[in-house]
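Written out below as structure tokens is the structure these notes cover.
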Amino acid sequence: MQRQSSGSHVPYNPTIDYLRFISILIIVHFHAVSPNGWLAQGAVGYFEIALVWFFLSGLERRRQPALRAIADKTRRLMYPFLVWSALQILAKYLQSVITGGDFIADLLSWLPPRGTFAQLWFLPWAWFVIIILLILSSYLNFRIKSNKFLFIYLIIFLAISTYILKLSHNINIAQIFYNCLIYSISIMSGILIYCIRDNVSKMVLVSVVIAAYGVVLQWLGLTSSQFWVPLLIVGALLVPLPEFRWTRRLGQMSMDIYLVHILVLGAIGSVLGIPTNTTPGVLLAFVFSIAAAAVMQIPAVGKFVH
């Protein structure tokens, strides 16, 4: 979930951050209530495609040496993973003391293969994706100019995506590996959209084709909102909304809400005793997560948790 660069080569686009904020609220709602995995899958897919787009565009602009780029991304992704993993483990211990629960059983359900580090699975997965993209960038320029190659890539993408969806319905694997498998669809679509970034009409056409194919798959019983996300991303890139003083901060807060919201949900349920699958619980989850993220914008706090 990387922030968009506001460098001179790529003008800042407020729409990306607005959609990022909406997407994280959808994910918070899903973790609080779990009523609509379809919508939440699209929200996670949005962050996946944004990850691909902004990493590759940043790599193209900065031309960092490979080892320096790996070190930078490892610091930015794995440090928060370690910090927030420690905080979640501490919270589970305190919760067991307060409620008399079984700390070891709770911890084992959080750790793979039974668990996914809660929402934190995304960080090592993003690190892995970035390493793969970095390796590929040594051999590819991530541009498709030939309509023939674009058609071939699109067909391959649709075929692999269909296979992944079919496989996900019939395979019994650890949830963390399931997440990586299912969201590889968004990684592939993000690469495809990025490869045709120089041609707006192709971006629009390809994103519409992907969305239409998603409708067909849904009719066949293979449902995933990830197929709608490329169209959303392309629309956001083409239609920048007005920027306000707080817009860029909103993008950073989205990342912080992602990091903190599981702890907030636990506190609402265990400390306040309010079920998070109720309207008051969801509203409190939104308010407290946003408030905690706002505190994390203070440099003295943020340097320890980012």
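Scanning segment 154-193 for residues that are more than 30 Å from L120 (Cβ to Cβ) and in contact with a helix residue (DSSP H, G or I) (Cβ under 6 Å, 6 or more places away or on another chain) yields a count of 1.
Residue by residue through segment 115-125, note down the ones that are part of a helix (DSSP H, G or I) and either among the hydrophobic types (A, V, I, L, M, F, W, C) or in contact (Cβ under 8 Å) with a residue 60 or more places away in the chain (or both). Spell out the reasoning first.
The initial filter retains those residues of segment 115-125 that are part of a helix (DSSP H, G or I), namely 118-125.
Those that are part of a helix (DSSP H, G or I) and either among the hydrophobic types (A, V, I, L, M, F, W, C) or in contact (Cβ under 8 Å) with a residue 60 or more places away in the chain (or both): A118, Q119, L120, W121, F122, L123, W125.
Determine if segment 282-292 includes at least one residue that is exposed (fewer than 15 other Cβ atoms within 10 Å of the Cβ) and more than 17 Å from H31 (Cα to Cα).
Keep residues of segment 282-292 that are exposed (fewer than 15 other Cβ atoms within 10 Å of the Cβ), which gives 283, 287, 291.
Adding the requirement that they be more than 17 Å from H31 (Cα to Cα) leaves 291.
Looking through segment 282-292, at least one residue is exposed (fewer than 15 other Cβ atoms within 10 Å of the Cβ) and more than 17 Å from H31 (Cα to Cα).
Per-residue answers, yes or no, for (1) within 18 Å of A50 (Cβ to Cβ); (2) among the small types (G, A, S):
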{"residue": "L154", "(1), (2)": "no, no"}
{"residue": "Y163", "(1), (2)": "no, no"}
{"residue": "G190", "(1), (2)": "yes, yes"}
{"residue": "I210", "(1), (2)": "yes, no"}
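Residue count for segment 188-225 under the criterion of being closer than 19 Å to L150 by Cα and open to solvent by less than 20 Å² (accessible area, probe 1.4 Å): the result is 13. Within the span defined as segment 294-306, every residue fails to be more than 17 Å from W84 (Cβ to Cβ) and in contact with a helix residue (DSSP H, G or I) (Cβ under 6 Å, 6 or more places away or on another chain).
Just to be sure before I move on: is I135 modelled with pLDDT under 95, surrounded by 14 or more Cβ atoms within 10 Å (Cβ to Cβ) and closer than 30 Å to R62 by Cβ in the structure I sent? Step through it out loud before you land on a result.
Values: modelled with pLDDT under 95: yes; surrounded by 14 or more Cβ atoms within 10 Å (Cβ to Cβ): no; closer than 30 Å to R62 by Cβ: yes.
When the stated conditions are applied, I135 does not pass them.
Of all the residues in segment 241-277, those that are open to solvent by less than 80 Å² (accessible area, probe 1.4 Å), more than 17 Å from the chain's Cα centre (by Cα) and not aliphatic (A, V, I, L, M) number 7. Any residue at all in segment 153-163 that is surrounded by fewer than 16 Cβ atoms within 10 Å (Cβ to Cβ) and touching a residue at least 12 places away in the same chain (Cβ under 8 Å)? The answer is yes, given that some residue of segment 153-163 is surrounded by fewer than 16 Cβ atoms within 10 Å (Cβ to Cβ) and touching a residue at least 12 places away in the same chain (Cβ under 8 Å). Within segment 267-306, the residues that satisfy the criterion of being at pLDDT 90 or above and in contact with a Gly (Cβ under 8 Å, 6 or more places away or on another chain) are I268, I274, P275, T276, G281, M296.
Suppose the filter is free of Cβ contacts under 8 Å to residues at least 60 places away in the same chain and crowded, with 20+ Cβ neighbours inside 10 Å; does L150 pass it? Here the answer is no, as L150 does not meet what is asked.
Here segment 200-225 is the region considered, the condition is being of a type in the set (S, T, N, Q) and at pLDDT 95 or above, and the residue that is farthest from the chain's Cα centre (by Cα) is S201. The helices (runs of 4 or more DSSP H) found wholly in segment 246-306 and carrying at least 1 residues that are over 18 Å from L120 (Cα atoms) and touching a residue at least 24 places away in the same chain (Cβ under 8 Å) occupy 247-270, 279-295.
The values are calculated or read from the model by the stated rules, or taken from the named source; none is laboratory data. None of the values given here were measured: they were computed from a predicted structure. So basically every Cβ, Gly included, is an ideal-geometry build from the backbone, and we count neighbours across all protein chains shown. Please note that ligands, DNA and RNA were not included when accessible areas were found on the heavy atoms of the full protein model with its side chains. Shrake-Rupley method; radii C 1.70, N 1.55, O 1.52, S 1.80 Å.
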